[in-house]
Amino acid sequence: MKKTLLFLLTFHFLTINLVKADEGMWLPMLLKNNYAEMQRLGLKLTAEQLYDINNSSLKDAIVWFNGGCTSEIVSDKGLLLTNHHCGYGAIAAHSTASDNILDNGFWAKSLADEKDNPNMSASILVRMEDVSDRVNKALAGVEAKELEAKKMEIFKTIQKEITDKSSYDATVRSFFRDNAFYLFVFEKFTDIRLVATPPQSIGKFGGDTDNWMWPRHTGDFSVFRIYANKDNKPAPYSKDNIPYHPKKFLNISIKGLEEGDFTMVYGYPGRTNRYETSFGIQLAVDKTNPATVDLRDIRLKAWKEEMDKSDSIRLLLSSKYAQIANYWKYFIGQTEQLKRLKVFEEKQTSEKKFNEWAKNKPEYSSVLPTIENAYVDYNKYALHRTYMNEDILGSSIAAYALSFQDLEKALKAEKQDSAEINKAVRKLKADGDAFYKSFNVISDQKILASLSEMFYKNIPKDQHPAYMAEIMKQKKAKNTKEIFEKFAANVFKNSFMIHKTDVDKFLAKPDLKQLQNDPAYHFVKSFYDNYVTNIKPHADAFGIINNAQSSKYIKGLMEMQPDKKFYADANSTLRLTYGSVQAYSPKDAVNYKYYTTLTGVMEKEDPKNPEFNVPAKLKELYNKKDFGQYAGKNNDINVAFITNNDITGGNSGSPVINGNGELVGLAFDGNWEAMSGDIYYDSKYKRTICVDVRYVLFMIDKFGGATNLISEMNIIKN
Ligand code: ARG
């Protein structure tokens, strides 16, 4: 990370330390170094109340939700709060045109109403442990190109020791690019039921227009419950399971917050790249980010056209659409803010300082020049790599077709092993069940045509697979566009993968020739094999150099500033970030408040735009000022607020906790002006957008009428 910024931060800590802390996603096990500062900022709990492995502590109420979000336990019956956008897939999966809970909402009035969700998980951290010495010993002397494989091997060995002798789940993670390694032991629950959700006109209010932006008026929450067996242990779904009795659940404060109040966010941030070099930023800004946006644009437009035709198609594609749209806008914003905040220039300045410091240090002097040099080659192939993921595999039929690879391998084997074939078939059946649930033929045919044409136009010809020339031989076509339309039409007419019934028939009696001649399979295999043979080796070689040198870079930065407290990039492990409620000014002459209200929801209402519809019942409550105990200032309901906590994707659904350890909100987004935040933390602009817990409770109580849930929780009024 850049030296200028580090310098500024040090300065900032020394001078206005008492006002804010902001940057940093800290491992709770190592919080001791930050504890005094947290107390100064307003934390009233002891360090042991935050994290303790022998006694129950706050960490026991923090739950990793489905491997991609965070949730928190709010009752002694395992009741979980998370974001609406984290429950979205499950909510959409339970929705049909006749029982449409995505649009109408759902409020379980008894345990029996709660809806079961296959393939869902909720994991609670039992403990974490520094295993650096052990991993380093295993990696000593290993060659750079063997390193990844050896690392995975020792990770697996350590994990297996836990899983073999307990019912726990375990994962080892690398920190600071292999400068430290920690083991995480979890209790992983898999019987997770949907308890309540507002209609998406509340849970996703503002839609993609407001996404990644403040001021925000979204009730981004949903409610689930962990079920366990009679011994309170994880168990697969069973009607005999009972609500989980947690070690700890969060009390909820409805007292409200003022600007400057202490807040912390406890959760599972997914990925940041704060130590990225200027070379990586240049590649992202110039090439890979814009390409990702253009390619996603094609998918989104094609899906939207079909979604607008009927409710059933809309429900089929909603979840997929939301996922792709979320990061489509993310990459637009990240590129814009990397430029606006001159992050490339910042990084260059700090790299210059590092080089000066490293000049006479053989271990570090060649670090940055080596990375720069590696980018020279990688720059030629990086776009192709993006196209592999976002273009070729962006076509869902192509991605699905590629999953037949293992079956092909098993059928091709000299000594055919029916166990291998059966295994591949079973896997394909399971993949197919998921695939056809969100597959729409009309949009995907268009997508295949446009995306393959994009590949033809934008990827250097000397990197094309030989099969591209076959496609181009298409006679009777007026122009390139028509060539690819005809190509896609042929795939959709002749592939057995278009209809589930044909796939079922094929899988009942799999045939190698039929698979190899299938046009969808043939297409994706040609492009994929070309990638693996001609492009991936360059990407891998780059990765090896970049990883090894970045590891040294971070080590060097730490040596260069021995007094600075470093935090590791996010990697889906439990972190705590602390700071306070803070307003901001997005640009000259404009000031944003730190909170929004229900009045703002009514101001944004637009009955003609589905993103801004307001349910009649909510308007009625608003007009009658029927706010119960949840009203804030001016007899209004506070909807959302912002803090300067340091979060990223994966933190979605994380509890925002006040100085007394009480839940005050749920983190659900970042703001536009700091979209470069995963690479560069800018304390002037970086904010966390949170839904106010009073809005959540008001919805559950007054809108949903689920007083059964309210009475389960421990609500602190004064
Ligand atoms: N940007 C949010 C995040 O990634 C997701 C918000 C979901 N809402 C939406 N309109 N897509 O955490």
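The values are calculated or read from the model by the stated rules, or taken from the named source; none is laboratory data. Treat the numbers as computed from the prediction; the structure is a model and nothing was measured. No Cβ is skipped: glycine too gets one built from the backbone with ideal geometry, and neighbour counts run over all protein chains shown.
Given the residues D636, D646, which is the only one that is within 16 Å of the ligand (Cβ to nearest atom) and in contact with a Ser or Thr (Cβ under 6 Å, 6 or more places away or on another chain)? Even if it seems obvious, please write down each step before you answer.
Values: D636 fails: within 16 Å of the ligand (Cβ to nearest atom).
Just one listed residue meets the conditions, D646.
Is it the case that some residue within segment 491-504 is touching a Pro at 6+ places or on another chain (Cβ under 6 Å) and closer than 22 Å to D406 by Cβ?
Yes, the conditions are met somewhere in segment 491-504.
In the set K301, K233, K287, K247, which member is without any contact (Cβ under 8 Å) to a residue 60 or more places away in the chain and more than 29 Å from V639 (Cα to Cα)?
So the residue among K301, K233, K287, K247 that is without any contact (Cβ under 8 Å) to a residue 60 or more places away in the chain and more than 29 Å from V639 (Cα to Cα) is K301.
Somewhere in segment 665-674, is a residue closer than 15 Å to L81 by Cβ and either away from the ligand (no atom under 16 Å from the Cβ) or in a loop (DSSP other than H, G, I, E, B) (or both)?
No, that holds for no residue.
Of all residues in segment 534-544, count the ones that are closer than 15 Å to E276 by Cβ and either buried (at least 18 other Cβ atoms within 10 Å of the Cβ) or among the β-branched types (V, I, T) (or both).
Initial filter on segment 534-544 (closer than 15 Å to E276 by Cβ): 542-543.
Narrowing the set further to residues that are either buried (at least 18 other Cβ atoms within 10 Å of the Cβ) or among the β-branched types (V, I, T) (or both) leaves 542.
Qualifying residue count, segment 534-544: 1.
Can you go through N660, N651, N623 and tell me which one is assigned to a loop (DSSP other than H, G, I, E, B), out of contact with any Pro (no Cβ under 7 Å at 6 or more places or on another chain) and modelled with pLDDT of 95 or more?
So the residue among N660, N651, N623 that is assigned to a loop (DSSP other than H, G, I, E, B), out of contact with any Pro (no Cβ under 7 Å at 6 or more places or on another chain) and modelled with pLDDT of 95 or more is N660.
Given the criteria in contact (Cβ under 8 Å) with a residue 24 or more places away in the chain and surrounded by 15 or more Cβ atoms within 10 Å (Cβ to Cβ), does K446 qualify?
Against the criterion (in contact (Cβ under 8 Å) with a residue 24 or more places away in the chain and surrounded by 15 or more Cβ atoms within 10 Å (Cβ to Cβ)), K446 qualifies.
With S580, S585, S551 as the choices, which residue is outside any helix (DSSP H, G or I), surrounded by fewer than 21 Cβ atoms within 10 Å (Cβ to Cβ) and at pLDDT 95 or above? Spell out how you get there, then give the answer.
Numbers: S580 fails: surrounded by fewer than 21 Cβ atoms within 10 Å (Cβ to Cβ); S551 fails: outside any helix (DSSP H, G or I).
The match here is S585.
Criterion first (touching a residue at least 40 places away in the same chain (Cβ under 8 Å) and away from the ligand (no atom under 16 Å from the Cβ)) does V376 satisfy it?
No: the conditions fail for V376.
Which one is surrounded by the fewest Cβ atoms within 10 Å (Cβ to Cβ) among residues in segment 186-200 that are aliphatic (A, V, I, L, M) and under 21 Å from the mean Cα position of the chain (by Cα)?
Out of the qualifying residues, it is L194.
Which residues, counting only those in segment 306-355, are among the hydroxyl-bearing types (S, T, Y), under 27 Å from the mean Cα position of the chain (by Cα) and under 30 Å from M558 (Cα atoms)?
Selection gives T335 alone.
Considering each of A90, A97 in turn, give the residue that is within 28 Å of I313 (Cβ to Cβ) and within 16 Å of the ligand (Cβ to nearest atom).
A90
Could you check segment 256-353 for helices (runs of 4 or more DSSP H) lying wholly inside it with 2 or more residues that are touching an Asp or Glu at 6+ places or on another chain (Cβ under 6 Å), under 29 Å from S450 (Cβ atoms) and among the basic types (K, R)?
Result: empty, no element qualifies.
Looking at (1) within 16 Å of the ligand (Cβ to nearest atom); (2) surrounded by fewer than 20 Cβ atoms within 10 Å (Cβ to Cβ); (3) farther than 30 Å from Q282 by Cβ; (4) charged (D, E, K, R), which one does E336 not meet, given that it meets all the others?
Unmet condition: (3).
Quick check on my filter: what residues within segment 552-583 are small (G, A, S) and either within 22 Å of the chain's Cα centre (by Cα) or within 15 Å of A358 (Cα to Cα) (or both)?
Hits for segment 552-583 are G556, A568, A570, S572.
Only strands (runs of 3 or more DSSP E) wholly contained in segment 59-99 count here; list those with 1 or more residues that are out of contact with any helix residue (DSSP H, G or I) (no Cβ under 9 Å at 6 or more places or on another chain).
Hits in segment 59-99: 62-65, 79-82.
Could you give me the residue pairs with C-beta distances under 6 Å whose first residue belongs to segment 204-219 and is under 19 Å from G677 (Cβ atoms) and free of Cβ contacts under 8 Å to residues at least 24 places away in the same chain, whose second residue is more than 10 Å from the ligand (Cβ to nearest atom) and among the acidic types (D, E) wherever it lies, and which are 6+ apart or on separate chains?
none
Considering only residues that are within 24 Å of Y268 (Cα to Cα) and either assigned to a helix (DSSP H, G or I) or more than 20 Å from the chain's Cα centre (by Cα) (or both), which ones fall in segment 119-134?
Selection gives V126, R127, M128, E129, D130, V131, S132.
Can you tell me which condition V691 does not meet? The list is (1) among the β-branched types (V, I, T); (2) surrounded by fewer than 24 Cβ atoms within 10 Å (Cβ to Cβ); (3) within 16 Å of the ligand (Cβ to nearest atom), and all the others hold.
Unmet for V691, out of (1) among the β-branched types (V, I, T); (2) surrounded by fewer than 24 Cβ atoms within 10 Å (Cβ to Cβ); (3) within 16 Å of the ligand (Cβ to nearest atom): (2).
Taking T277, is it within 16 Å of the ligand (Cβ to nearest atom), in contact with a helix residue (DSSP H, G or I) (Cβ under 8 Å, 6 or more places away or on another chain) and farther than 21 Å from G653 by Cβ?
On the way: within 16 Å of the ligand (Cβ to nearest atom): no; in contact with a helix residue (DSSP H, G or I) (Cβ under 8 Å, 6 or more places away or on another chain): yes; farther than 21 Å from G653 by Cβ: yes.
Considered against the rule, which asks whether it is within 16 Å of the ligand (Cβ to nearest atom), in contact with a helix residue (DSSP H, G or I) (Cβ under 8 Å, 6 or more places away or on another chain) and farther than 21 Å from G653 by Cβ, T277 comes out as no.
Name the pairs: first residue in segment 128-150 and more than 22 Å from S572 (Cα to Cα), second residue at pLDDT 95 or above and hydroxyl-bearing (S, T, Y), Cβ to Cβ under 9 Å, at least 6 apart or on different chains?
The qualifying pairs are A138/T157.
For segment 521-531, state whether one or more residues are in a helix (DSSP H, G or I) and closer than 25 Å to F279 by Cα. Break it down stepwise before answering.
Step one: list which residues in segment 521-531 are in a helix (DSSP H, G or I), which gives 521-531.
Adding the requirement that they be closer than 25 Å to F279 by Cα leaves 531.
There is at least one residue in segment 521-531 that is in a helix (DSSP H, G or I) and closer than 25 Å to F279 by Cα.
Can you confirm whether segment 365-377 contains a residue that is crowded, with 21+ Cβ neighbours inside 10 Å and within 30 Å of N530 (Cα to Cα)?
yes
Taking T292 as the residue in question, decide whether it is touching a residue at least 12 places away in the same chain (Cβ under 8 Å) and either of a type outside the set (S, T, Y) or surrounded by fewer than 21 Cβ atoms within 10 Å (Cβ to Cβ) (or both).
Criteria not met by T292.
Would you check which residues across segment 589-640 are among the small types (G, A, S) and in contact with a Lys or Arg (Cβ under 8 Å, 6 or more places away or on another chain) and list them?
So in segment 589-640, the residues among the small types (G, A, S) come out as 589, 600, 616, 628, 631-632, 640.
Hits for segment 589-640 are G628, A631, G632, A640.
Filter segment 203-247 for residues that are farther than 24 Å from I700 by Cβ and among the aromatic types (F, W, Y); which is surrounded by the most Cβ atoms within 10 Å (Cβ to Cβ)?
Taking the candidates together, the pick is W214.
Looking at segment 201-244 only, could you name the residues that are of a type in the set (G, A, S), under 25 Å from the mean Cα position of the chain (by Cα) and away from the ligand (no atom under 16 Å from the Cβ)? Working first, answer last.
Going through segment 201-244, the residues of a type in the set (G, A, S) turn out to be 201, 203, 206-207, 219, 222, 228, 235, 238.
Now restrict to residues that are under 25 Å from the mean Cα position of the chain (by Cα): 201, 203, 206-207, 219, 222.
The answer is none; no residue qualifies.
Please determine whether any residue of segment 659-667 is in contact with a Phe, Trp or Tyr (Cβ under 8 Å, 6 or more places away or on another chain) and surrounded by 24 or more Cβ atoms within 10 Å (Cβ to Cβ).
Pass one, segment 659-667, residues in contact with a Phe, Trp or Tyr (Cβ under 8 Å, 6 or more places away or on another chain): 659, 665-666.
Now drop any that are not surrounded by 24 or more Cβ atoms within 10 Å (Cβ to Cβ), which leaves 665-666.
Checked against the condition, which is being in contact with a Phe, Trp or Tyr (Cβ under 8 Å, 6 or more places away or on another chain) and surrounded by 24 or more Cβ atoms within 10 Å (Cβ to Cβ), segment 659-667 yields at least one hit.
Within segment 378-385, can one find any residue that is modelled with pLDDT of 95 or more, at negative phi and exposed (fewer than 15 other Cβ atoms within 10 Å of the Cβ)?
Yes, that holds for at least one residue.
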